[in-house]
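To start, the structure under review is shown below, and the notes come after it.
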C-alpha cells in the first residue's frame, strides 16, 4: 500500500514536471532529479531487509527473556562448514545455517551433518544469483522451491525460514514469498565479513554494541570465519551472552 502511494506520488511529480518542461517553464533537470531520487529510494528500500518495508522480517528480538544472541551463517554448506561445526560443538552452541540449494547438492553429507548436530537450516535460494533484484516473481519462486526440494530430498527437512541473498527484498520477492509461505529472517548485526579482510575489525563490529536478542550474520564459506567464530564465542562467554538458534530467538518453527 505504502509502496503504491510512493509510486503514485513520484508519477504525479514526473507528469507535472514534464508538463512544465514542455511549456518552457522548467528545464529538464527537475525531471532527472525526480528519477534519481526515486531510483535511490527504491535501492535503499530493496537492499535493507531490516527496514521491513516490503515484508515483515525477523531481524532481532530485544524482548527475549534471556541475555542471548543468535548466530547465523549464509552461503554454505561448503568444506569450511565442517570446521565451523566443530567449533560450535566445542562451545556447545547451536546456530542457524541459510543454505544454497546448489551447495546442498554438492555437499549433501555436510548438510546432513549440520542438521544431525542440532543446528537448523534455512532457504537461501538455489543459486544465490547476483541478479536477485532483477528476477521476475516466477523465477524467484522457482529458486526458493528448488532449494526446498533439494533440502527435503537430501536432508529430510521442509524448510520454513528464508533469508534473501544480499538481503534484497522487493515487490517481486514479496509476491514470491506470499506464494511459498516462508518466514523471512534478516539480521541486525552485519560485520561485512565478506568484504573485510581483518578478523579483528569484524569481531569489533560484532561486539562493540551487542545487545540481548541480536541476530548476527556471518558466512561459513569464508576461510577466516572459523578464526572469527572461535574468538567471538570466547567474547560472548566473557560478556555473559548465551547463544540460541533463530527459531528459538523468535519463537517460530524452523520446519513445516
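Nothing in this text is a laboratory measurement; each read-out follows from the coordinates by a stated rule. Predicted model only: the values in this text are computed from it and were never measured. Positions of Cβ are backbone-derived with ideal geometry, glycine not excepted, and every protein chain shown enters the neighbour counts.
Pairing the Cα long axis of helix 137-155 with the longest principal axis of the chain, what angle in degrees results, from 0 to 90 and rounded to the nearest 10?
Around 10 degrees separate the two axes.
Angle, helix 171-180 long axis vs. longest principal axis of the chain, Cα atoms, 0 to 90°, nearest 10?
Approximately 50 degrees, to the nearest 10.
Once the piece of chain linking residue 131 and residue 212 is laid out straight, how much longer is it, given 0.36 nm per residue of separation minus the C-alpha distance between them?
Full extension from residue 131 to residue 212 adds 25.7 nm.
Among 69-75, 225-231, what's the highest-first ranking by average C-beta atoms within 10 angstrom per residue?
69-75, 225-231
For the chain, what class follows from the C-alpha gyration tensor (a ≥ b ≥ c being the square roots of its eigenvalues): rounded when a/c is under 1.5, otherwise prolate if a/b is larger than b/c, else oblate?
It comes out prolate by the Cα gyration axes.
Antiparallel DSSP bridges in the chain: what percent, to the nearest 5?
5
Would you mind classifying the stretch 191-256 by shape? Square roots of the alpha carbon gyration tensor eigenvalues, ordered a ≥ b ≥ c; an a/c under 1.5 is rounded, otherwise it is prolate if a/b is larger than b/c and oblate if not.
Oblate shape, in that a/c is at least 1.5 and b/c is the bigger or equal ratio.
Which residues in the stretch 115-139 place their backbone N less than 19 Å from a point set 7 Å from the Cα of residue 175 along the Cα-to-Cβ direction?
Backbone N within reach: 131-139.
Relative to the first principal axis of the alpha-carbon coordinates of the chain, what is the inclination of helix 80-90, with its axis defined by its Cα atoms, in degrees from 0 to 90 and to the nearest 10?
60
With just the Cα atoms defining each centre, how far is the stretch 75-136 from the stretch 170-224? Give it in Å.
Spelled out, the Cα-based centre of one part sits 14 Å from the other.
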